[in-house]
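Below you'll find the structure, written out as structure tokens, and then a few comments.
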Amino acid sequence: MVKKVLIVDDEQEVVDFLEKGLKREGFEVICALDGLEAKGKISQEDPDVIILDLLMPKLDGWGVLNWLRKDAKLTIPTIIVSAKGDLEDMQKSYKLDADTYLIKPVNIKDVLNAIRMLFSLNQSEDN
């Protein structure tokens, strides 16, 4: 079964880069350019993993993550990919139950490794 990845980032170049790399690896890719659009896509598409930027218009990544975990009570694995690399931002993300945190600029290999790690952890929990 093809895994579905939601990319949420307001930088079109980042979205295009990630989308191209993930599609090349066989993933189905959905994209959102802000947090409000992401909430709709999560509800409609039921992605297997979310790649989430923090600094976005309308609703930031922390707002999406908070909604995802607290309001929607969804446990979709979430990878933060952000230019914000300081410890406070990372701690805030992990307190909101982010699964992994990558600092921009990222390469596709690191993103793919993070996705595969999350999928393998979820398979272990299912067994």
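The values are calculated or read from the model by the stated rules, or taken from the named source; none is laboratory data. What you are looking at is a predicted structure, and each value in this text was computed from that prediction instead of being measured. Backbone-built Cβ (ideal geometry, glycine too); neighbour counts: all protein chains shown.
Observations on the model:
- Test: residue in the range 28-37 that is closer than 19 Å to Asn122 by Cα and over 13 Å from the mean Cα position of the chain (by Cα): yes
- Scanning the range 12-70 for residues that are over 18 Å from Lys109 (Cα atoms), among the small types (Gly, Ala, Ser) and assigned to a helix (DSSP H, G or I) gives Gly35, Ala38, Gly40, Ser43, Gly61, Gly63.
- Total residues in the range 75-93 satisfying the condition of being more than 13 Å from Leu52 (Cβ to Cβ) and under 13 Å from the mean Cα position of the chain (by Cα): the figure is 1.
- Qualifying positions in the range 70-98 - under 23 Å from Phe119 (Cβ atoms), out of contact with any strand residue (DSSP E or B) (no Cβ under 8 Å at 6 or more places or on another chain) and surrounded by fewer than 19 Cβ atoms within 10 Å (Cβ to Cβ): Ala72, Lys73, Leu74, Thr75
- Single match in Asp53, Asp60 (criterion: among the acidic types (Asp, Glu), within 11 Å of the chain's Cα centre (by Cα) and modelled with pLDDT of 95 or more): Asp53
- Scanning the range 35-61 for residues that are surrounded by 20 or more Cβ atoms within 10 Å (Cβ to Cβ) and either closer than 16 Å to Asp10 by Cβ or out of contact with any helix residue (DSSP H, G or I) (no Cβ under 9 Å at 6 or more places or on another chain) (or both) yields a total of 10.
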